[in-house]
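Asker: Below is a structure I'd like to ask you about.
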Amino acid sequence: MADSMMSKAATMEIPINSNGDSRNLAEDDSLEQDAKIQWSLREKVGSPTGLRDFQQVMVSGPNLNETSIVSGGYGGTTEGIIPTSSIKGSNMHHASSNSSMTAEDATRGVAVEKFDIVKKWGLNTYKCTKQMISERFGRGSRTVDLELEAQIEVLRETKRKYENVLHLARALTNHFYSMVQTQQALGDTFADLSQKSPELRDEFGYNAETQKLLCKNGETLLGAINYFVSSINTLVNKTMEDTLMTIKMYENARLEFDAYRADLEELNMGPRDAVTMARIEAAQQQYQIHKEKYERLRSDVSIKLKFLEENKVKVMHKQLLLFHNAISAYFAGNQQQLEQTLKQFNIKLKPPGADKPSWLEEQ
């Protein structure tokens with residue numbers, strides 16, 4: 001009996017934790033105190049006064065930003081306590097650092113791309129300048145297409161001559177316009193004098209009618225000459241100029257092709273080590289690219305020269321016939337033939353004052 005009582009007392013005095021051992025007695029005492037505190041809180045919250053106290057505690061409780069995360073079990077040291085504010089700050093720091101690194105990478109990529117473009121442009125300019133100087137001083141060779149070069153020279157000479165024709169035709173238009181204006185003013189003066197001089201009324205009247213007729217025919221001829229000038233201007237400053245722009249691109253491509261060809265030939269004459277072979281391969285690729293560009297533009301120039309010649313003959317045949325018929329009819333005094341010439345070429349004269357803006361456009 002006494003032995004059983006002693007065993008029960010011993011059993012009640014030995015605390016057992018969750019792992020079945022008898023260590024950490026202080027932890028069990030703290031657990032028991034926590035349970036008592038929770039029980040007292042439940043009792044207080046159950047009453048109205050306790051509920052208000054609990055709400056006040058919750059309102060004035062610790063800030064969530066200042067709470068801590070405890071690493072370890074109960075009764076552990078405070079070495080594992082990590083403030084949550086430091087976690088948020090570290091996350092924001094990582095996010096900002098990542099975004100700044102992305103922006104820096106993008107900026108660095110754009111800078112590298114621009115540097116490569118400038119580097120290629122500088123290298124290409126150096127090679128072309130070197131080739132151009134070598135050709136000018138007779139030390140370098142150039143690719144020549146004799147037939148195409150002759151056609152290009154003929155086009156340039158033709159353009160210079162047509163520009164002279166255009167200049168003279170504009171001068172004729174200006175002088176003839178001044179003459180027509182003078183004839184109109186002279187006709188008005190004769191008509192006025194015929195009214196104020198009864199003794200010379202018939203003579204002034206005849207001359208007034210003649211000057212008015214000449215003025216009318218002169219305006220008709222001016223319409224034909226203006227059409228002639230406009231067509232020549234389109235042919236010279238648009239059609240021929242477009243072909244010459246293509247020729248300029250072709251000449252630049254020829255210079256680049258010869259520059260890279262000379263560079264490849266110079267490398268082929270040097271030693272054949274590993275570094276030189278890599279440079280020869282790169283030069284071979286550049287040579288092939290510029291060769292294809294040169295041949296493509298040479299074909300474009302040949303086609304444009306052919307179409308330009310056909311278009312020039314067609315346009316000039318029509319314009320020269322118009323100019324001849326209009327001038328002949330005017331100086332022959334054949335008003336009917338002059339008007340028929342304008343109808344034949346679908347030329348419509350602007351009525352007097354058509355160039356002036358209307359009163360609505362002036363507002």
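Asker: To two decimal places, what compactness ratio does the stretch 87-245 give when its Cα radius of gyration is scaled by 2.2 N^0.38 Å?
Answerer: Details: Rg = 35.6 Å, N = 159, 2.2 N^0.38 = 15.1 Å.
The reported ratio for this selection is 2.36.
Asker: For the pairs Lys114/Lys291; Lys248/Lys314; Lys293/Lys318; Lys312/Lys343; Lys119/Lys238, note any where the Cα-Cα span goes beyond 31 Å. It would help to have the intermediate numbers written out before the result.
Answerer: On the way: Lys114/Lys291 26 Å; Lys248/Lys314 25 Å; Lys293/Lys318 38 Å; Lys312/Lys343 23 Å; Lys119/Lys238 36 Å.
Result: Lys293/Lys318; Lys119/Lys238 exceed 31 Å.
Asker: Considering the stretch 215-363, what Rg and Dmax in Å follow from its alpha-carbon atoms?
Answerer: 27.8, 87
Asker: Same structure, new question: Once you have the Cα-Cα distance between Gln288 and Lys119, take 0.36 nm times their residue separation minus that, and quote the gain in nm to one decimal.
Answerer: Numbers: separation 169, 0.36 × 169 = 60.84 nm, distance 2.02 nm.
Once the chain is fully extended between Gln288 and Lys119, it gains 58.8 nm.
Asker: Efficiency by 1/(1 + (r/R0)^6): what FRET value for Leu172 and Leu200, r their Cβ-Cβ distance, R0 = 25 Å, to the nearest 0.05? Before the final figure, lay out each step's value.
Answerer: Working: r = 35 Å, r/R0 = 1.39.
For Leu172 and Leu200, the calculated efficiency is 0.10.
Asker: About the Cα centre of the stretch 122-217, how large is the charge dipole given +1 on each Lys and Arg Cβ and -1 on each Asp and Glu Cβ? Please answer in debye to the nearest 20. Provide the component values of the computation, followed by the final result.
Answerer: Numbers: 14 positive and 13 negative charges, 176 e Å.
About 840 debye.
Asker: Still on this structure, please answer the following. Can you find, among Gln181, His290, Leu200, the residue sitting farthest towards the positive end of the charge dipole of the stretch 175-333, where Lys and Arg contribute +1 and Asp and Glu -1 at Cβ?
Answerer: His290
Asker: Given R₀ = 22 Å, what would the calculated FRET efficiency be for Met277 paired with Asp145, taking r from the Cβ atoms and rounding to 0.05? Let's see the in-between values first.
Answerer: Working: r = 33 Å, r/R0 = 1.48.
The computed FRET efficiency comes out at 0.10.
Asker: Can you tell me the dipole magnitude for the stretch 239-339 around its Cα centre, using point charges on the Cβ only (Lys, Arg +1; Asp, Glu -1), in Debye to the nearest 20?
Answerer: Approximately 300 debye in magnitude.
Asker: Taking only C-alpha pairs under 8 Å that are 6+ residues apart, what is the relative contact order of the stretch 147-288 in percent? Can you show the working numbers first?
Answerer: Values: 72 pairs, mean separation 31.1, N = 142.
Once divided by the residue count of the stretch 147-288, the mean separation gives 22 percent.
Asker: Which net charge results for the neighbourhood of Ala262, defined as the other residues with beta-carbon distances under 15 angstrom from its beta-carbon, given Lys and Arg at +1 and Asp and Glu at -1?
Answerer: On the way: positive: Lys127, Lys130, Arg136, Arg139, Arg142, Arg254, Arg261, Arg279, Lys291; negative: Glu135, Glu256, Asp258, Asp263, Glu265, Glu266.
Charge balance in the 15 Å sphere: +3.
Asker: Which whole-Hz couplings ³J(HN,Hα) result when phi for each residue of the stretch 308-321 is put into the Karplus expression 6.51 cos²θ - 1.76 cosθ + 1.60, θ = phi - 60°, listed in order with x for Gly and Pro?
Answerer: 3J(HN,Hα) across the stretch 308-321, in whole Hz: 5, 5, 5, 5, 5, 4, 5, 5, 5, 4, 5, 6, 5, 5.
Any read-out appearing in this document is the output of simple, stated calculations on the displayed coordinates, not a laboratory observation. Here the structure is a predicted model, which is why all the values come from computation and not from measurement. Note: ideal-geometry Cβ built from the backbone for every residue, glycine included; neighbour counts use all protein chains shown.
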